[in-house]
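Take a look at the structure below.
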Amino acid sequence: MPVVNLDDPSRGRELEQLIQKKPALRKLYLETYARYAACLRRCPADGLAVELGSGASFVKQVLPEVITTDVIAYPHVDRVVDGTRMPFADGSVRALFLLNVLHHIPDVGAFLRESERVLMPGGRVLIVDQYPGWIGGPVLRHLHHEPFDAKAVEWRFPSQGPLSDANGALCWIVFERDRERFLAEHAGLQLAAFARHTPLRYWLAGGLKSWSLLPGPLFPLATWLDRALLAISPWFASQGGSGGPRR
């Protein structure tokens, strides 16, 4: 099997086409874009709306005003942007969106400080990322190709490449395990909500792999099953979402 360079910019179009060919995965992205839209309705009317780590995103089909960015120079993104050193003026951004990106940021503290700087008062950050619940945890530890370290003390890790290095536990670490530290160190941000969701559908859809175990017609049934599992316990979740405004 050929070795795939995860950080190759030429993979962008391939990944974008992959999402479009997998109906269940595309619907999951559309659910996230609906969260983006709901977030924007709660943000100031003026200012930039920015998606970090857009990669294979097709958000512009739904929200044309969103500026797509990535640290990798994919040919279809609007700008190349490092989330730890954003090229936006102080108080110029009304919304930052991250979908499965936070766990790839090698210094989350630096990203949060930059978020405080670029967000205008009332601006918001919406993060959707991996969550090590009863289903997601074993998958991330034993079956997923990305690094995972729930015992990491620091919110950073050495990185040799934007996608080839990660810590899949970071969203949980920052916003649940170390919540008091987050609130103390980033007083300019509020944690308005942290929600656990999507126990099975992303894994069944195969993520950004070539395969899928979830045909489009079965997506409503899988959605019902996800909701049923979460009604039993939110710890069935495989993804978590955090959001909040700049004070």
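Numerical summary
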{"read-out": "Net charge of neighbours whose Cβ lies under 15 Å from the Cβ of GLY216, counting Lys and Arg as +1 and Asp and Glu as -1", "value": "+4"}
{"read-out": "Spacing of the two label points (7 Å from each Cα toward its C-beta) at ALA89 and ARG156, in nm", "value": "2.9 nm"}
{"read-out": "Relative contact order computed over the chain (Cα-Cα under 8 Å; 6+ residues apart), in percent", "value": "21 percent"}
{"read-out": "Convex hull per residue volume in Å³, alpha carbons only, for the chain", "value": "124 Å³"}
{"read-out": "Column: log10 I(q)/I(0), Debye, Cα scatterers of the stretch 75-181, q = 0.12, 0.20, 0.23 Å⁻¹", "value": "-0.43, -1.11, -1.34"}
{"read-out": "Kirkwood hydrodynamic radius (C-alpha pairs) into Stokes-Einstein, the stretch 1-69, 37 °C and 0.692 mPa s, D in µm²/s", "value": "243 µm²/s"}
{"read-out": "All Cα pairs of the stretch 1-133, percent lying beyond 17 Å", "value": "59 percent"}
{"read-out": "The stretch 147-247: radius of gyration and largest Cα-Cα distance (Dmax), Å", "value": "16.3, 46"}
{"read-out": "Separation of the LEU218 and ARG179 label points, Cα + 7 Å toward Cβ, nm", "value": "3.5 nm"}
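Read-outs: derived from the displayed coordinates by stated rules, not from any lab. Quantities reported herein were computed from a predicted structural model and do not represent experimental measurements. Virtual Cβ from ideal backbone geometry, glycine too; neighbours counted across all protein chains shown.
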